[in-house]
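This report concerns only the one structure given below.
The values are calculated or read from the model by the stated rules, or taken from the named source; none is laboratory data. All values derive from a computational prediction rather than experimental measurement. In this analysis, Cβ positions are derived from the backbone assuming ideal geometry, glycine residues included, and neighbour counts consider all displayed protein chains.
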Amino acid sequence: MGALFFEEYTDEWRFESEAQVIADDDIRAFVELHKFHTPTFTDMDYLQTSRDYRGRMAPGLFVLCAAEGLVLRAGLTRKRGIFLMELTPKFKVPVYAGDSIINCVRLHSKRLTSKPDRGVVVTAHEVVTDKGEVAITYHSTRMIRTRWYVETAS
């Protein structure tokens, strides 16, 4: 699936991303980069002795970023998205190292702006694990180009 203009988001439109494995090394890198230094992300002894966890948990924000990456990698907004305006995540269940996720997307709403070359598109997302659990739900609000948009030479 390629990039969509504002007009191409219809009530029937749906998208399901490819799967992505949430790798232990990626969790470690994210945790270190953003200083999420808490035992649930860093202390394997704690995780192995706790009955609350089944391994290294991925920070919810990491999983959200990975889910958005699946949308971007699919090219849905390439050369059509002007900017991301809002994300409203709800974190439902944890995702662990070794789990994989997909992002299931549908149109929630859309409206034109005062400029004819752009509109606001709100999509509803369900991030689903390979175990069939919905890990995150969220709405994404983006400004998207309409077919009226004309690229100018730089």
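Rundown of residues vs (1) at pLDDT 95 or above; (2) of a type in the set (F, W, Y); (3) closer than 19 Å to G132 by Cβ, yes/no style:
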| site | (1), (2), (3) |
| --- | --- |
| D26 | yes, no, no |
| R54 | no, no, yes |
| K79 | no, no, no |
| L87 | yes, no, no |
| V93 | yes, no, yes |
On the given criteria, is E133 at negative phi and surrounded by 14 or more Cβ atoms within 10 Å (Cβ to Cβ)? yes
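From F62, F91, which residue is under 26 Å from R28 (Cβ atoms), hydrophobic (A, V, I, L, M, F, W, C) and out of contact with any Asp or Glu (no Cβ under 8 Å at 6 or more places or on another chain)?
Details: F62 fails: out of contact with any Asp or Glu (no Cβ under 8 Å at 6 or more places or on another chain).
Every option except F91 fails the conditions.
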Read through the list (1) in contact with a Phe, Trp or Tyr (Cβ under 8 Å, 6 or more places away or on another chain); (2) under 17 Å from A3 (Cβ atoms); (3) of a type outside the set (S, T, N, Q); (4) at pLDDT 95 or above, then give the number of the only condition that R147 fails. (4)
Among the helices (runs of 4 or more DSSP H) lying completely within the stretch 35-111, list those that include at least 3 residues that are under 14 Å from the mean Cα position of the chain (by Cα). 60-73
Got at least one residue in the stretch 137-149 being closer than 19 Å to P59 by Cβ, in contact with a helix residue (DSSP H, G or I) (Cβ under 6 Å, 6 or more places away or on another chain) and either assigned to a loop (DSSP other than H, G, I, E, B) or in contact (Cβ under 8 Å) with a residue 60 or more places away in the chain (or both)? no
Inspect the stretch 114-126 for any residue being in a strand (DSSP E or B), touching a residue at least 40 places away in the same chain (Cβ under 8 Å), in contact with a Lys or Arg (Cβ under 9 Å, 6 or more places away or on another chain) and surrounded by fewer than 17 Cβ atoms within 10 Å (Cβ to Cβ) and give the result as yes or no. no
So, of the residues in the stretch 6-33 that are exposed (fewer than 13 other Cβ atoms within 10 Å of the Cβ) and of a type outside the set (D, E), which turns out to be nearest to A97 (Cα to Cα)? A29
Options A74, A58; residue that is in contact (Cβ under 8 Å) with a residue 24 or more places away in the chain, surrounded by fewer than 20 Cβ atoms within 10 Å (Cβ to Cβ) and not charged (D, E, K, R): A74
